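The values are calculated or read from the model by the stated rules, or taken from the named source; none is laboratory data. Predicted model only: the values in this text are computed from it and were never measured. Note that each Cβ is placed from the backbone with ideal geometry, even for glycine, and that neighbours are counted across all protein chains shown.
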Amino acid sequence: MPETVLELDDLTVRFRLRRGDLTAVNGVSFSIGRGETFGLVGESGSGKSVTARAIMRLIPDPPGEIQRGRILFGGDNVLDKNAAEMRALRGRHIAMVFQEPMSALNPVFTVCEQISDALRTNLGLSKREARERVVELLALVGIPSPQKRLDSYVHEFSGGMRQRVMLAMALSCNPGFLIADEPTTALDVTIQATILELITSMIDKLGMSLLFITHNLGVVAHSCDKIGVMYASHLVELGDKREIFANPQHPYTVGLLNSIPRLDIQARHLTPIAGSVCNMMEPPSGCKFHPRCAHAMDVCRREVPKLKEVAPGHHAACHLHDRGAAT
Amino acid sequence: MTAQGATDDMLLEVRGLTKHFMLHGDIYSKLAGEKTQVLKAVDGIDFHIRRGETLGLVGESGCGKSTTARLVTRLIEPTGGEVRLKDEDLLAFSPRRMKETRKDIQLVFQDPYSSLNPRKTIMHILSRPMEIHGLARSWNEKRERVLDLLHRVGLSVEHIDRYPHEFSGGQRQRIAIARALSVEPELVIGDEPVSALDVSIQAQILNLFRDLQEQFGLTYLFIAHDLSVIRHISDRVAVMYVGKIVETGPAAAIFEEPLHPYTKALLAAVPEADPAKPPPRLTLKGEVSTPIDPPPGCRLCGRCPRELPVCAEVEPPLVAVGGDRQVACHNL
């Protein structure tokens, strides 16, 4: 068991909106070890991005609020840190890559200016040192002739190249922990393949830990060791990648895997999950998945199931597993 | 809906379809004597769709798939080529004749949030096409047909007087599909109709497309960038790269044994939801070539792992290779 780098304990994030309260993340707990790659999977609105932003303390307050829980990074609770301490943490120790490089990067500064900004602030490099380091970084992420691209603006890069720039910026201060929030979703499949390869090779080369957020099960199948599945603000399944794909224990995970059209065989009909995701303003009682679940029982309507170990290292939050335990 | 002709089952035939956009620079570049650049969005493509069949058109962003959909429906006018519907050239039709013909070809767009008018009720959205094409006269008749459509796409009577914002993405796409079906079309063109949906909803909509095809004998031109979606829905597939069709043939054959280096690269790049499968990788060099003033020769030049000297000079034609397959490559 590698040393734990990040530990989420009962993280609950609530947004106070005019229409009422919305709990976007509800009692989520998991941990990521050093050098480990963790994939957080879920459909839109499941709370995966809010979880990532909570770790970086990027939830706007108001309307957002971390209601409960702890986020332990290297043993310290991130939630106890003040603004200055957070600034020292961000970029230097935890870095983040976002989905939309065009909106995450600044259009009025050159690539060199934006990347060296972090280097000069966090590492205290001189302008010239920072510039040299930026060239190294751009070369590292595979941008051809970095000396020439150094003074280009973001709009002069293609989508894939922009994502490389963002990765270069994230890696600039040698963080030990990288959060990638849907980094390949806006990209074409061939570009996605190169960016995924790049991220995995960087993780290996620099010995970082990774929290990878995506809706694409295909992507986590190849770039993560452990997987957490989120549905309607809850973590519903957690375990080793191979276990989850071979032996999914939560009906939602099973449904998700059955919904994906396959490349190797052509089925006449897919097996979708019935219904649609619940309205998070008025979530159903008990297990959030029960209105769509084929196995729903009375207890599912009453009680929120807790995440419990169903096999060594494999956790699921489903009442179906209580019955097994009771008998 | 339409009796299937035993001899002539060709519904749509596209020949040499071309769309070039002229990129006129600003006045300074003109004064400097710079030549007008040409963006060859669609550059001479041929394909056909038989009645009751689904042709999947797949390619990466900017390859010309959506332009193809807009050309086939004459939402934009082609630079050249023919679009033959039931053996008549659409491009020669008068505006009046074209308006009547639009009934036979309907579109479903990618984003169900922007393709439905937020100020109209579902009743209005679904009955207006019927009025325009004179398919229903009395209010009762319209309402009956709208209810039937709602039922067929998995919605119910309670939804009829609601507005689009009251529906989820998947439900809105059901409404967009019902609208396409409201005029009893023969050909339905789906331009990335499931790309904006979550995977569990995407599966529902894909099943719906399948069921409606069986019920109404529809013919589909299905455009998507997701290869597993294309594999699932298509009988035949056409792969596009920078304005050209590089490979076409039966879906099973193309996915099991791709022949064109670009098709191979696309398939190798898909991350399959199975950790036991090989990881995605890119077998091509560099990035997608530009459609602006492309050099002569194959569009894949400079990226292809199997390049020959001839590739840079002569554009490979789409040639039959047996088994209803065609490939445009010099090095097979």
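For segment B:232-261, name all the residues that are touching a residue at least 12 places away in the same chain (Cβ under 8 Å) and aliphatic (A, V, I, L, M).
B:Ile233, B:Val237, B:Ala238, B:Val239, B:Met240, B:Val242, B:Ile245, B:Val246, B:Ala251, B:Ala253, B:Ile254, B:Leu259
Considering only residues that are surrounded by 22 or more Cβ atoms within 10 Å (Cβ to Cβ) and at the interface with chain B (Cβ under 10 Å from one of its Cβ atoms), look in segment A:169-187 and name the one that is nearest to the chain's Cα centre (by Cα).
Per the criteria, the residue is A:Thr184.
Given the condition touching a residue at least 60 places away in the same chain (Cβ under 8 Å), crowded, with 20+ Cβ neighbours inside 10 Å and closer than 17 Å to B:Ile189 by Cα, answer yes or no: does some residue in segment B:32-41 qualify?
no
Out of the residues in segment A:210-246 that are in contact with a Gly (Cβ under 9 Å, 6 or more places away or on another chain) and of a type in the set (S, T, N, Q), which is farthest from B:Ala203 (Cα to Cα)?
A:Ser223
So, in segment B:64-81, exactly how many residues are more than 15 Å from B:Leu221 (Cβ to Cβ) and surrounded by 16 or more Cβ atoms within 10 Å (Cβ to Cβ)?
Residues that pass the stated criteria total 3.
Which of the residues spanning segment B:314-332 are assigned to a strand (DSSP E or B) and touching a residue at least 12 places away in the same chain (Cβ under 8 Å)?
B:Val321, B:Arg325, B:Gln326, B:Val327
Mind listing whichever residues of segment B:266-282 are surrounded by fewer than 18 Cβ atoms within 10 Å (Cβ to Cβ) and more than 7 Å from every other protein chain (Cβ to nearest Cβ)?
Once the filter is applied, which keeps residues that are surrounded by fewer than 18 Cβ atoms within 10 Å (Cβ to Cβ) and more than 7 Å from every other protein chain (Cβ to nearest Cβ), segment B:266-282 yields B:Ala276, B:Lys277, B:Pro278.
Going by the structure shown, is A:Asn106 modelled with pLDDT of 90 or more, out of contact with any helix residue (DSSP H, G or I) (no Cβ under 7 Å at 6 or more places or on another chain) and surrounded by fewer than 16 Cβ atoms within 10 Å (Cβ to Cβ)?
Taking the combined requirement at face value, the residue does not satisfy it.
Working only within segment B:82-108, note down all residues that are crowded, with 20+ Cβ neighbours inside 10 Å and part of a helix (DSSP H, G or I).
B:Leu90
I'd like to check which helices (runs of 4 or more DSSP H) are fully inside segment B:109-194 and have at least 1 residues that are over 25 Å from the mean Cα position of the chain (by Cα) and farther than 20 Å from B:Thr73 by Cα.
Of the helices (runs of 4 or more DSSP H) lying wholly inside segment B:109-194, those with at least 1 residues that are over 25 Å from the mean Cα position of the chain (by Cα) and farther than 20 Å from B:Thr73 by Cα span B:122-132, B:139-152.
Please find, within segment B:293-305, the residue that is farthest from the other protein chains (Cβ to nearest Cβ) out of those that are at pLDDT below 90 and surrounded by fewer than 15 Cβ atoms within 10 Å (Cβ to Cβ).
B:Pro296
Failed condition for B:Tyr262, given (1) outside any strand (DSSP E or B); (2) surrounded by fewer than 23 Cβ atoms within 10 Å (Cβ to Cβ); (3) at pLDDT 90 or above, with all others met?
(2)
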